[in-house]
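For reference, the structure is listed below as structure tokens.
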Amino acid sequence: MAEAATVKIFLADGSTKGILTAEIFNWTGRITVAPRTTHLATLLRRPELERTGLYVLVSDDIPAKIYVGESDNIVERLRYHAGDDKKDFWVNTVVVTSKDENLTKAHVRYLEAKLIKIANEAKNSDVANGTSPEPTPLPESDRADMDSFLEKLLMLFPLLGFSFTTSVVEKRDELETILTTTTKSLSPLFQMTYGGTNAKARLTENDFLVLKGSTVRIEETASLAQSYRDKRKDLFDKGLLVDAPDSAYWLLNADVKFSSPSTAATIVAGSSRNGRTEWKVEGSNQTYGEWDQAQLEAATASLPTTE
């Protein structure tokens, strides 16, 4: 289980749409985030950007396109990228620095290589870096420090709304561990058969997981939102959806995470669906919503009542 942590988010402009910084108690790192169009000039005046650090340029596409870089002077690198036509996709700027200024060039090159590798393996973004460099060799103690530093980044990125390091694929050995320790007692197997599909899923600790071997309807309804069309295409392009023997369906080629039962149901059906009613406990007519309500009632049954 992950350790508990206190996260401090500071809105530098007093607005959620401006510059913000994120820190974790007792961690030397700091993440600074700013929208490019309205706040890049202001961001470049911040003193932490004159230090050695890491940066990620992020689009607002689904999935996002990203570019990961490092520099001894991030101000100069961002100025350069701002005039580069190949970086026109860039909408949000994510900068990683150290409050104690102890990040060296070797450190950030190590972090850059690790982050590019993680983003490529996550298959949840389009990584624009032309190469995937090997991590810079570091002394054992420095390597341990940077791996710990990276763990904090991987904790904060999703919290700040960036999913490029969050894998859409659940590794089978990790799934077995989850099922052994938590899920078997918490979540039954759910099944969905809308439009001739045969999809199965489980609720894990953090996600709704649609299992490998599930069938996904190829046909899309005219009313299906573009974001879902893009997500389905992305899953197919990345080989997570493959052709099935029945030409009307795709086959899910891995266990894939979704943020909610409804998102999963819509992707499977090619039609906007309510996952709380579409998914049913396998072998019964109990819907996910009914099962979920029963869990809530059981969890609160022993709570004292108030007058």
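What accessible area per residue comes out for the range 229-283, rounded to a whole number of Å², with a 1.4 Å probe?
It amounts to 43 Å² per residue over the range 229-283.
Rounded to the nearest 0.05, what FRET efficiency is calculated for Glu282 and Glu219 with R0 set to 22 Å and r the Cβ-Cβ distance?
Step by step, r from the Cβ atoms, then E = 0.35.
Which residues does a label at Ser15 reach in the range 31-45, if reach means a backbone N under 20 Å from a point 7 Å past the Cα toward the Cβ?
Only 32-45 fall inside the zone, counting backbone N under 20 Å.
Per DSSP H run of at least 4 residues, take -39500 (n - 2.57); add these up for the chain, divide by its residues and hand me the 222 nm value, nearest 500 deg cm²/dmol.
Calculated from helices alone, the mean residue ellipticity at 222 nm is -10000 deg cm²/dmol.
Using a 1.4 Å probe over the heavy atoms of the protein chains, calculate the carbon and sulfur portion of the accessible area of the chain as a whole percent.
Of the solvent-accessible surface of the chain, carbon and sulfur hold 49 percent.
Among Ser284, Ser272, Ser125, whose mean-square fluctuation peaks in a Gaussian network model of the chain (Cα, cutoff 10 Å)?
Answer for the Gaussian network model of the chain: Ser284.
Take the alpha-carbon centre of the range 256-271, take the same for the range 200-232, and report the distance between them in whole Å.
The range 256-271 and the range 200-232 have Cα centres spaced 3 Å from each other.
Roughly how many nanometres apart are two label points built 7 Å out from the Cα toward the Cβ at Thr37 and Ser272?
2.5 nm
P(r) for the range 1-113, please, calculated from all Cα pair distances in 10 Å bins and given in %.
14, 45, 35, 6, 0
Report the full-extension gain for the segment Ala294 to Gln226: residue separation times 0.36 nm, less the Cα-Cα distance, to one decimal in nm.
Full extension of this stretch gives 21.1 nm more.
Could you provide, to the nearest whole Å², the per residue accessible area of the range 5-132 with probe 1.4 Å?
Result: 47 Å² per residue.
Checking the a/c ratio against 1.5 first, then a/b against b/c, what shape does the Cα gyration tensor give for the range 52-127?
Here the range 52-127 falls in the oblate category.
The values are calculated or read from the model by the stated rules, or taken from the named source; none is laboratory data. Since the structure is predicted, the reported quantities are computational estimates derived from the model, not experimental observations. Here Cβ is always computed from backbone atoms with ideal geometry, including for glycine, and neighbour counts include all displayed protein chains. The accessibility values were calculated without ligands, DNA or RNA, using every heavy atom of the protein model including side chains. Shrake-Rupley method; radii C 1.70, N 1.55, O 1.52, S 1.80 Å.
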